[in-house]
1. Restricting to region 156-185, name every residue that is assigned to a loop (DSSP other than H, G, I, E, B) and touching a residue at least 40 places away in the same chain (Cβ under 8 Å).
2. What number of residues within region 21-48 satisfy the criterion of being small (Gly, Ala, Ser) and farther than 21 Å from residue 90 by Cβ?
3. Is there a residue in region 127-141 that is in contact with a Cys (Cβ under 9 Å, 6 or more places away or on another chain) and assigned to a loop (DSSP other than H, G, I, E, B)?
4. Please pick out the residue among 9, 38 that is basic (Lys, Arg), modelled with pLDDT under 95 and over 12 Å from the mean Cα position of the chain (by Cα).
5. Go through (1) within 24 Å of residue 138 (Cβ to Cβ); (2) polar (S, T, N, Q); (3) free of Cβ contacts under 8 Å to residues at least 12 places away in the same chain for residue 74 and report which single condition fails.
6. Tell me whether region 37-45 contains one or more residues that are assigned to a loop (DSSP other than H, G, I, E, B) and either of a type in the set (A, V, I, L, M, F, W, C) or assigned by TED's automatic domain parsing to the domain that holds residue 134 (or both).
7. Output the residues belonging to region 70-105 that are within 13 Å of residue 3 (Cα to Cα), touching a Lys or Arg at 6+ places or on another chain (Cβ under 7 Å) and not in a loop (DSSP other than H, G, I, E, B).
8. Quick one: residue 58 ticks every box in (1) hydroxyl-bearing (Ser, Thr, Tyr); (2) within 16 Å of residue 2 (Cα to Cα); (3) within 12 Å of the chain's Cα centre (by Cα) except a single one, so which number is it?
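The values are calculated or read from the model by the stated rules, or taken from the named source; none is laboratory data. Just so it is clear, the structure is predicted and the values come from calculations on it, not from any experiment. Don't worry about glycine lacking a Cβ; one is built from the backbone with ideal geometry, like all the others, and counts go over all protein chains shown.
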Amino acid sequence: MELEKSPYRIKLVDAEQYTLNSVDNIEVYDIEYFQDNRYRPTSKHGIRIFENGQEIRSAIVCETGGATGIHIDSVQIIDNVLYLCCCDSIYSLTIPNLDLNWNKRIDPATCFGIYTYKGDFIVHGELQITRIDMNGLQKWTFGARDIFVTQDGTDSFKIKEDKIYLRDWAGFDYVLDENGKEINE
């Protein structure tokens, strides 16, 4: 996936074949981010920053937990900061240097997507929905009867105006307000 943040082009890839600390990798990254060396990473997301067609910086973000992939909802760019879902965590990296601002475990299992919401973010996790600020500080979480994925592939998460619409695996629907409180519609 490629994104533009003038004057930069940002390329994000699932780097499944990458081996941490190996000199035999076909793809090489300037920086490796991996917090827990006791385990093998479940997901590995490569990031490359280009300016005027030339690569100027690269990093690979690796995590354990529920596997994630690169897609349009797994990343946000605000000002000169890239926010990326990787397994159960969110990473905040500067653009263009890809320096780590912070990384936080947001969901006990997997972070499917990160969405802007009233100056903050809403993270669609497998087990919970979480509102965090731009520094990764949790404002609230909401959990339900089951995971926030549907059996039939229909939308399990949607933000419309100031409300958050959810459906869990068991088919129960929820509507949350901006404070993470369930409301009736």
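1. As a first pass, look at region 156-185 and keep what is assigned to a loop (DSSP other than H, G, I, E, B): 156, 161-162, 168-172, 177-181, 183-185.
Hits for region 156-185 are 162, 178, 180.
2. Restricting attention to region 21-48, the residues satisfying the condition of being small (Gly, Ala, Ser) are 22, 43, 46.
From the residues that got through so far, the ones that are farther than 21 Å from residue 90 by Cβ too are 22.
Residues in region 21-48 being small (Gly, Ala, Ser) and farther than 21 Å from residue 90 by Cβ: 1 in total.
3. So the first thing to find is which residues in region 127-141 are in contact with a Cys (Cβ under 9 Å, 6 or more places away or on another chain), and the list is 130.
Filter again for assigned to a loop (DSSP other than H, G, I, E, B), leaving none.
No, that holds for no residue.
4. Details: 9 fails: modelled with pLDDT under 95.
38 is the lone residue from the list that is basic (Lys, Arg), modelled with pLDDT under 95 and over 12 Å from the mean Cα position of the chain (by Cα).
5. Among (1) within 24 Å of residue 138 (Cβ to Cβ); (2) polar (S, T, N, Q); (3) free of Cβ contacts under 8 Å to residues at least 12 places away in the same chain, residue 74 violates only (3).
6. Keep residues of region 37-45 that are assigned to a loop (DSSP other than H, G, I, E, B), which gives 37-42.
Still in the running and either of a type in the set (A, V, I, L, M, F, W, C) or assigned by TED's automatic domain parsing to the domain that holds residue 134 (or both): none.
Within region 37-45, not a single residue is assigned to a loop (DSSP other than H, G, I, E, B) and either of a type in the set (A, V, I, L, M, F, W, C) or assigned by TED's automatic domain parsing to the domain that holds residue 134 (or both).
7. Matches in region 70-105: 77 only.
8. Among (1) hydroxyl-bearing (Ser, Thr, Tyr); (2) within 16 Å of residue 2 (Cα to Cα); (3) within 12 Å of the chain's Cα centre (by Cα), the lone unmet condition for residue 58 is (3).
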